[in-house]
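The structure appears below as structure tokens.
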Amino acid sequence: MLLGPTGVGKTELSLRVAEHLGCPIVSCDSRQVFREIPVGTAAPTAEEQARVKHYFIGTRSVKDDYSAGQYERDVMEMLDSLFASYDTILMTGGSMLYADAVCNGLDDLPNVPEAIRKQVKWNELRMTKEEWISWLQSEVKRLDPVYWEKVDRQNPARLAHCVELCLTTGKPYSSLLTKSAISNHPSPITRRPFRIVKTALERPREELYERINRRVEQMIADGLENEARNVYQWRNLPSLQTVGYREMFAYFDGEYSLERAIELIQQNSRHYAKRQMTWFRRDKEIKWLEANNAYETNISIIDSLLGIGGVQEED
């Protein structure tokens, strides 16, 4: 696994590692799976996909329901097939729950009673969008401070899910995730029939933030506005409750200018990167790689972790 925050430079290193190992790449990105939004999700280009075979890039529509649980099932089925032809598969991305689903399996969470779902929904119906998100944020912060530190605070679907489960169980949502990376005891639910080697890419914070700012500017130049307009009709779907599209939709609605939308995309992307780093830092199995290293240096470290060409590196 090659993990890391948005904008850190995973794509090019993953291509070089996959070429070096002669293996395909399995994407671990909860938004690059949707075919209609490649610009705003920084999906690998056609040229990059021509260099190395990728899986789970543009394979779903934003109109489809897709979850970490479904991703886990799809990936496990795909890996059964891929391991028949390859000794090593490279998974890369930054979606924390998707990565954890493949490594550890997902927790068996209780069903939310319809009465509680309606109770939470009632607040949404009587509030403006801003009031709704603000209410969810205050509830998550109150009910589950641990999850509050990790969640995308502008994603109403995830915030509402946390509130619903807290109300259902009377416990913090994070306490139910006993087998996931959000908990203090990230032991796997399911033993996997393959060895997992985790690496992640990092950069100095200011350098990472500047890269994120420039990448958003490049997305605008590459047509993010038109892409967002093309999916505007589905703006309320869970697949589009994400950085880049929320801000563009608000701009289309006249809530603020395009310049302000771009500033907010940059700001919210930086905040998301910070939450990603916090999440990944909790996983002591991850070997951190410096993005400013020469590619050959990081590939050599990965080789040692895999036990290629010498003695396997100790944990």
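The values are calculated or read from the model by the stated rules, or taken from the named source; none is laboratory data. On a predicted model such as this, the values are computed, not experimentally measured, just so you know. Here the Cβ positions follow ideal geometry from the backbone for every residue, glycine too, while neighbour counts run over all protein chains shown. Note: accessible area is taken over every heavy atom of the protein model, side chains too, but ligands, DNA and RNA are not part of it. Shrake-Rupley method; radii C 1.70, N 1.55, O 1.52, S 1.80 Å.
Rounded if a/c is under 1.5, else prolate if a/b is larger than b/c, else oblate: which is the range 20-101, with a ≥ b ≥ c the root eigenvalues of its Cα gyration tensor? Before the final figure, lay out the partial values.
Details: a/c = 1.88, a/b = 1.19, b/c = 1.57.
It is oblate, given that a/c is not under 1.5 and a/b is not larger than b/c.
Under 11 Å from a point placed 7 Å out from the Cα of Glu255 along the Cα-to-Cβ direction: which residues of the range 72-108 have their backbone N that close?
Zone members listed by number: none at all.
Before anything else, pin down the relative contact order of the range 67-161: Cα pairs under 8 Å, at least 6 apart, normalised by residue count, whole percent.
Working: 39 pairs, mean separation 18.8, N = 95.
Rounded, it is 20 percent for the range 67-161.
Given springs between every Cα pair under 10 Å in a Gaussian network model of the chain, which of Pro38, Pro110, Pro172 has the largest fluctuation?
Comparing Pro38, Pro110, Pro172 in a Gaussian network model of the chain, the most mobile one is Pro110.
Normalised by the number of residues in the chain, what is the relative contact order in percent for Cα pairs under 8 Å and 6+ residues apart? Numbers along the way, then the final one.
Details: 410 pairs, mean separation 76.1, N = 315.
Over the chain, the number comes to 24 percent.
Helix-derived [θ] at 222 nm for the chain: sum -39500 (n - 2.57) over DSSP H runs of at least 4, divide by residue count, nearest 500? Don't skip to the end; give the middle numbers.
Values: 14 runs with 160 residues, N = 315.
Counting only the DSSP helices, I get -15500 deg cm²/dmol.
Give the ranking of Arg16, Arg203 by solvent-accessible surface, highest area first, calculated with a 1.4 Å probe. Mind showing how you got there, number by number?
Working: Arg16 90, Arg203 50 Å².
Ranked list, largest accessible area first: Arg16, Arg203.
With all protein chains present and a 1.4 Å probe, how do Leu21, Leu224, Leu125 order by accessible area, largest first? Let's see the in-between values first.
Numbers: Leu21 45, Leu224 0, Leu125 130 Å².
Ranked from most to least accessible, the order is Leu125, Leu21, Leu224.
Between the range 229-293 and the range 153-177, what is the separation of their alpha carbon centroids in Å?
21
In whole Hz and in residue order, list the ³J(HN,Hα) couplings for the range 15-20 that follow from phi through the Karplus curve 6.51 cos²θ - 1.76 cosθ + 1.60, θ = phi - 60°; x for Gly and Pro.
4, 5, 5, 5, 5, 5
Please calculate the 1.4 Å probe accessible area of Arg73, with all protein chains present, and give it to the nearest 10 Å².
The accessible area of Arg73 comes to roughly 140 Å².
What is the sum of charges around Asn230, taking Lys and Arg as +1, Asp and Glu as -1, for the other residues whose C-beta is under 13 Å from the C-beta of Asn230?
Details: positive: Arg35, Lys63, Arg229, Arg235; negative: Glu36, Glu225, Glu227.
Summing Lys/Arg as +1 and Asp/Glu as -1 gives +1.
Averaging sequence separations of C-alpha pairs under 8 Å and six or more residues apart, then dividing by the length of the range 1-134, give the relative contact order as a whole percent. The partial results should precede the final answer.
On the way: 135 pairs, mean separation 42.1, N = 134.
Result for the range 1-134 is 31 percent.
May I ask you to rank Asp29, Asp80 by accessible area, largest first, using a 1.4 Å probe over the protein chains only?
Details: Asp29 35, Asp80 115 Å².
Output order, biggest surface exposure first: Asp80, Asp29.
Reachable lysines from Lys171, Cα under 30 Å, same-chain residues fewer than 8 places away excluded?
The reachable lysines, counting only those whose Cα sits under 30 Å from Lys171, are Lys118, Lys121, Lys129, Lys141, Lys150, Lys179, Lys274, Lys284.
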